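Heads up, the thing below is written out as structure tokens.
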Amino acid sequence: MKIREIVDLLDATVLCGEAHLDGDVHSACGCDMMSDVLAFVKEQAVLITGLCNPQVVRTAEMMDMRCIVFVRGKMPPAEVVSLADEAGIVVLTSKERMYVACGKLYAAGLSGGDLAHA
């Protein structure tokens, strides 16, 4: 799935990374606990979260994620957006709740991926 499709499906606003909207993602992880994100497989993925701090970007970068979607209308601070922009990570914000955002992406064909430690 193209990141551009995620923008449309979630009626999201692009906060940074416009140049990467045609990038492909193959799975998604919806989580507010970054320790749980670390159990997720490292591959072209989307992180869906309501947590708005720099650790979200650092975790996404460590896991080679391409896109972060902040749900529930959360607006990350400028420093978070700047960190993501420097890392080449697309940042989106959507008014959808996490459950609905995950459901819409799953229904559109984006998989849940695998766990790193099964």
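A few comments on the model shown:
- Test: residue in segment 71-83 that is under 18 Å from Ile3 (Cα atoms) and modelled with pLDDT under 95: no
- Filtered residues of segment 24-41 (kept if surrounded by fewer than 17 Cβ atoms within 10 Å (Cβ to Cβ) and under 13 Å from the mean Cα position of the chain (by Cα)): Asp24, His26, Asp32
- Selection of segment 93-106 for residues being part of a helix (DSSP H, G or I) and surrounded by fewer than 23 Cβ atoms within 10 Å (Cβ to Cβ) yields Met98, Tyr99, Val100, Cys102, Gly103, Lys104, Tyr106.
- Cβ pairs under 8 Å, 6+ apart, first in segment 90-118 and more than 25 Å from Ala19 (Cβ to Cβ) and at pLDDT below 90, second of a type in the set (D, E, K, R) and assigned to a loop (DSSP other than H, G, I, E, B): Ala116/Lys42
- Residue list for segment 22-68, restricted to those being within 22 Å of Leu10 (Cα to Cα) and of a type in the set (Ser, Thr, Tyr): Ser27, Thr49
Here's the yes/no breakdown for (1) part of a helix (DSSP H, G or I); (2) surrounded by 14 or more Cβ atoms within 10 Å (Cβ to Cβ); (3) touching a Lys or Arg at 6+ places or on another chain (Cβ under 9 Å); (4) on the phi < 0 side of the Ramachandran plot:
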residue	(1), (2), (3), (4)
Leu51	no, yes, yes, yes
Thr59	yes, yes, no, yes
Asp64	no, no, yes, no
Met75	no, no, no, yes
Glu79	yes, no, no, yes
Ser82	yes, yes, no, yes
Glu86	yes, no, no, yes
Val91	no, yes, no, yes
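- Qualifying residue in segment 27-38 (condition: closer than 16 Å to Gly88 by Cβ, in a strand (DSSP E or B) and not polar (S, T, N, Q)): no
The values are calculated or read from the model by the stated rules, or taken from the named source; none is laboratory data. Quick caveat, the model's predicted, so the values are computed rather than measured. Ideal geometry is used to build each Cβ from the backbone, glycine not excepted, and the neighbour counts take in all protein chains shown.
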